[in-house]
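Here, each number is a calculation from the coordinates, and none is a lab measurement. This structure is a prediction, so every number in the text was calculated from the model and none was measured. We place every Cβ from the backbone using ideal geometry, glycine too, and count neighbours over all the protein chains shown.
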């Protein structure tokens, strides 16, 4: 597997993890009908993306020739997987909580 493909699938997995983390944070600290729940969750997802970017940049600096490719690879899939799993986990948490 090439480093770009590894980075792609790692970003998809990080999107799933970010969805779970933001769903738990949203369920614990906000109301179900509040728009700030979604905005806070987007902010946390972006924060997770940029923190992991700086971590992954150290690993892939020598393996990927264009440094901008480290930032842009699978950004769309990260957010698509994040939103899908955020909704899934958030709904499951609220179903269990009552």
In degrees, nearest ten, helix 3-29 long axis to first principal axis of the chain (Cα): 20 degrees
Residue 50 versus residue 12: modelled label distance in nm, points set 7 Å from Cα along the beta carbon direction: 2.7 nm
Two-site FRET efficiency, residue 29 against residue 75, from Cβ-Cβ distance with R₀ of 30 Å, rounded to 0.05: 0.70
For peptides 81-89, 65-73, sequence by mean Cβ density within 10 Å, most packed first: 81-89, 65-73
Distance (nanometres) between label positions extended 7 Å along Cα→Cβ at residue 39 and residue 93: 1.9 nm
On Cα atoms only, tilt of 75-97 relative to the major axis of the chain in degrees: 30 degrees
On Cα atoms only, tilt of 35-60 relative to the major axis of the chain in degrees: 20 degrees
Among [x] 20, 16, 13; [y] 30, 12, 9; [z] 48, 21, 8, the entry derived from the coordinates for semi-axes √(5λ) of the Cα gyration tensor in Å: [y]
Computed [θ] at 222 nm, helices only, for the chain once each DSSP H run of length n ≥ 4 contributes -39500 (n - 2.57): -29000 deg cm²/dmol
Highest-first arrangement of 38-45, 90-97, 11-18, where packing means the average Cβ count within 10 Å: 11-18, 38-45, 90-97
